[in-house]
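Some notes on the structure that comes next.
The values are calculated or read from the model by the stated rules, or taken from the named source; none is laboratory data. Keep in mind it's a predicted model, so treat the numbers as computed, not measured. We place every Cβ from the backbone using ideal geometry, glycine too, and count neighbours over all the protein chains shown.
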Amino acid sequence: MEIQNDFDRLMFFEHARRSAQVTYDKNPLDAENLTRWGGALLELSTFQSVQDSKSMIKDAISRLDEALSIDPRKHDALWCMGNAQTSYAFLTPDKDEAKGYFDAAYVFFEKAVNEDPGNELYRKSFEVATKVPELHSELHKQGLSQQAMGPGSGGGPSTSSSVKGPKAQKSSDLKYDIFGWVILAVTIVAWVGFTKANVPPPPSR
């Protein structure tokens, strides 16, 4: 069932990416479309190898950057950019390099909250942004980052169960809360955004 769900997700966001590209060719100044495109690329990156994923996230960042150059106060683009920076940081083993992306994510999440203070999703992301560097260190220490972000992972948090020992058990809740939140949040916002854009849903099972 999970394989089917992952396949549906892959098809849905691939269709959304293609639709966004067609719309972009007609109107490159549509910030809403650029945000959807960035969100689709971010979702699709979770199905790739680490190197391909990093490349796709960079592409997502580029699209979101375009959206924000058109509308710097677009809160959903700011929020998506925060998630893109966070995702890239998780795939960057070097702690200092990753910190730059985490710091950027924090700023984008803060701006999103400032633009839409009542949005619980943005506020939660902003709160979590201070804890993710700790998770990054833990994941890379235990060699979990590739598993968590590998192709078709679809969830990441389940990897914590494969780690043995009391220390791993102690940190598993933190991993689930933060990593699970990042994946869930991206999926929810992207799904809602594409639904609003009248992108057809994935084929029914």
Determine whether region 44-57 contains at least one residue that is of a type in the set (Val, Ile, Thr), crowded, with 21+ Cβ neighbours inside 10 Å and outside any helix (DSSP H, G or I). yes
Going by the structure shown, is Ile61 part of a helix (DSSP H, G or I), among the β-branched types (Val, Ile, Thr) and surrounded by fewer than 24 Cβ atoms within 10 Å (Cβ to Cβ)? yes
So which residues in region 3-43 are surrounded by 13 or more Cβ atoms within 10 Å (Cβ to Cβ), more than 18 Å from the chain's Cα centre (by Cα) and within 19 Å of His75 (Cα to Cα)? Asp30, Ala31
Quick check: anything in region 114-127 in contact with a helix residue (DSSP H, G or I) (Cβ under 8 Å, 6 or more places away or on another chain), at pLDDT 95 or above and assigned to a helix (DSSP H, G or I)? yes
Tell me yes or no: at least one residue of region 64-73 is buried (at least 24 other Cβ atoms within 10 Å of the Cβ) and closer than 26 Å to Lys141 by Cβ. no
